[in-house]
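The values are calculated or read from the model by the stated rules, or taken from the named source; none is laboratory data. Since this is a predicted model, take the numbers as computed values, not measurements. All Cβ positions, glycine included, derive from the backbone under ideal geometry; neighbour counts span all protein chains shown. Just the protein is used for accessible areas: all its heavy atoms, side chains included, with ligands, DNA and RNA removed. Shrake-Rupley method; radii C 1.70, N 1.55, O 1.52, S 1.80 Å.
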Amino acid sequence: MTDEELHKHIEGTVLEFFENGDIGEVIATLGDLPLARRKHKVLVVTIEAAMDHKPSHRELASRLISVLVEEEILAPEDMIKGFEAILDNLPETILDVPDAAAILGNFMARCVADDCLLVGTIHGFKESMSNEHAKAAVQAAEVMLVDKFGILRLNNVWGVGGGAQPVKALSRRIFMLLKEFLSSNDTVEAGRCLRELEVPHFHHELVYEAIVMALEAMQETTEDAMCRMLKALSNSCIITPDQMQRGFFRVFEDLPDICIDVPAAYSLLDRFVTRAQRFGFVSEEVVRQVPVR
């Protein structure tokens with residue numbers, strides 16, 4: 001199959017995906033194509049097609065790329081080769097899509113947020129690109145990636161976040177939010193980032209991850225920081241009592257498994273719940289159900 005024929009096949013598959021949103025169907029179709037060393041073309045065609053479509057289609061494209069990387073259909077070298085090709089094509093693409101450089105910058109930044117691309121790779125593009133449009137795209141991505149909390153907001157880079165995001169992607173962003181909070185101790189910013197994820201039904205995941213992170217750290221300073229954050233999120237009604245309780249109960253259920261990596265998990269959890277009770281953001285029901293070895 002020639003490069004032109006392959007391009008048409010991939011483009012047809014991507015355009016159909018924009019209509020039905022079926023990632024499984026895309027993966028099945030790609031499996032039947034003779035991609036071999038041409039896998040990077042999947043990235044090229046997906047992004048270039050999305051550039052000429054609505055923001056909702058760009059969001060679908062970002063999610064597709066994330067899954068293709070997660071499923072190891074696109075390797076790191078495919079991502080690099082694909083973005084290099086798109087950057088090289090920008091002078092022509094811009095004739096049809098005037099804001100193509102800015103859109104490409106968004107795609108690159110989103111790929112970093114989705115763990116599909118390294119920040120260092122983007123810096124490397126800047127060194128190797130000769131056309132001004134490519135440099136503008138790379139610079140746009142770099143600006144969005146300077147602020148670590150800003151990276152957390154990139155799930156909304158196309159203006160269509162919320163609960164339709166894959167669970168793994170949401171969990172990863174919540175984990176990043178918590179790590180950044182431990183670095184900054186900024187409860188206000190943590191709350192803003194959590195709200196911007198637009199997944200109130202999934203806030204129990206933040207509670208769960210915060211507690212597990214505190215148990216794994218085995219440090220009272222980390223426990224205190226997590227309690228301060230959860231107390232602030234509770235006081236501002238960002239995390240509801242139901243979501244708070246659900247997060248604690250998930251930890252209780254998983255404690256036997258957590259103990260494999262953290263042998264002292266039972267006593268550490270008891271200490272954490274006592275601290276949380278002192279801060280005043282857990283119910284009596286949670287305190288009563290703390291598991292005992």
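Would it be correct to say that Ile27 is touching a Leu at 6+ places or on another chain (Cβ under 8 Å), β-branched (Val, Ile, Thr), within 18 Å of Gly82 (Cβ to Cβ) and surrounded by 20 or more Cβ atoms within 10 Å (Cβ to Cβ)? Explain how you work it out, then say what you get.
Values: touching a Leu at 6+ places or on another chain (Cβ under 8 Å): yes; β-branched (Val, Ile, Thr): yes; within 18 Å of Gly82 (Cβ to Cβ): yes; surrounded by 20 or more Cβ atoms within 10 Å (Cβ to Cβ): no.
Answer is no for this residue.
Show me the helices (runs of 4 or more DSSP H) entirely contained within segment 21-113 in which 1 or more residues are touching a Ser or Thr at 6+ places or on another chain (Cβ under 8 Å) and more than 21 Å from His9 (Cα to Cα).
Values: elements: 23-31, 40-51, 55-70, 76-96, 100-113.
Of the helices (runs of 4 or more DSSP H) lying wholly inside segment 21-113, those with at least 1 residues that are touching a Ser or Thr at 6+ places or on another chain (Cβ under 8 Å) and more than 21 Å from His9 (Cα to Cα) span 76-96, 100-113.
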Flagged pairs (Cβ under 8 angstrom, 6 or more apart or on separate chains; first in segment 276-293, closer than 15 Å to Phe252 by Cβ and free of Cβ contacts under 8 Å to residues at least 40 places away in the same chain; second of a type in the set (Phe, Trp, Tyr) and open to solvent by 40 Å² or more (accessible area, probe 1.4 Å)) are Pro291/Tyr266; Val292/Tyr266; Arg293/Tyr266
Residue pairs within 8 Å by beta carbon, gap of at least six or interchain, first lying in segment 21-36 and modelled with pLDDT of 90 or more, second open to solvent by 50 Å² or more (accessible area, probe 1.4 Å) and part of a loop (DSSP other than H, G, I, E, B), listed first then second, are Ile27/Glu71; Leu33/Met1; Pro34/Met1
Of the residues in segment 125-139 that are touching a residue at least 12 places away in the same chain (Cβ under 8 Å) and over 13 Å from Cys111 (Cβ atoms), the one that is surrounded by the fewest Cβ atoms within 10 Å (Cβ to Cβ) is Ser128
| request: Might you let me know whether segment 195-210 holds any residue that is over 23 Å from the mean Cα position of the chain (by Cα) and among the basic types (Lys, Arg)? | output: no
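If only one of Phe83, Phe149 is aromatic (Phe, Trp, Tyr) and either touching a Pro at 6+ places or on another chain (Cβ under 9 Å) or at pLDDT 80 or above (or both), which one is it? Outline the logic, then answer.
Working: Phe149 fails: either touching a Pro at 6+ places or on another chain (Cβ under 9 Å) or at pLDDT 80 or above (or both).
Being aromatic (Phe, Trp, Tyr) and either touching a Pro at 6+ places or on another chain (Cβ under 9 Å) or at pLDDT 80 or above (or both) holds for just one of Phe83, Phe149, which is Phe83.
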Exercise for review: Can you confirm whether segment 8-24 contains a residue that is under 19 Å from the mean Cα position of the chain (by Cα) and buried (at least 17 other Cβ atoms within 10 Å of the Cβ)?
Suggested key: yes
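Kindly state which helices (runs of 4 or more DSSP H) lie completely within segment 181-235 and contain at least 2 residues that are more than 21 Å from Thr274 (Cα to Cα).
Details: elements: 187-196, 203-217, 220-235.
So the answer is 187-196.
Only one residue in Glu70, Glu48, Glu4 is among the acidic types (Asp, Glu) and either at pLDDT 95 or above or open to solvent by less than 20 Å² (accessible area, probe 1.4 Å) (or both), so which one is that?
Exactly one of Glu70, Glu48, Glu4 is among the acidic types (Asp, Glu) and either at pLDDT 95 or above or open to solvent by less than 20 Å² (accessible area, probe 1.4 Å) (or both), namely Glu48.
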- Query: Would a scan of segment 184-204 turn up a residue that is under 20 Å from Pro291 (Cβ atoms) and in contact with a helix residue (DSSP H, G or I) (Cβ under 7 Å, 6 or more places away or on another chain)?
  - Reply: yes
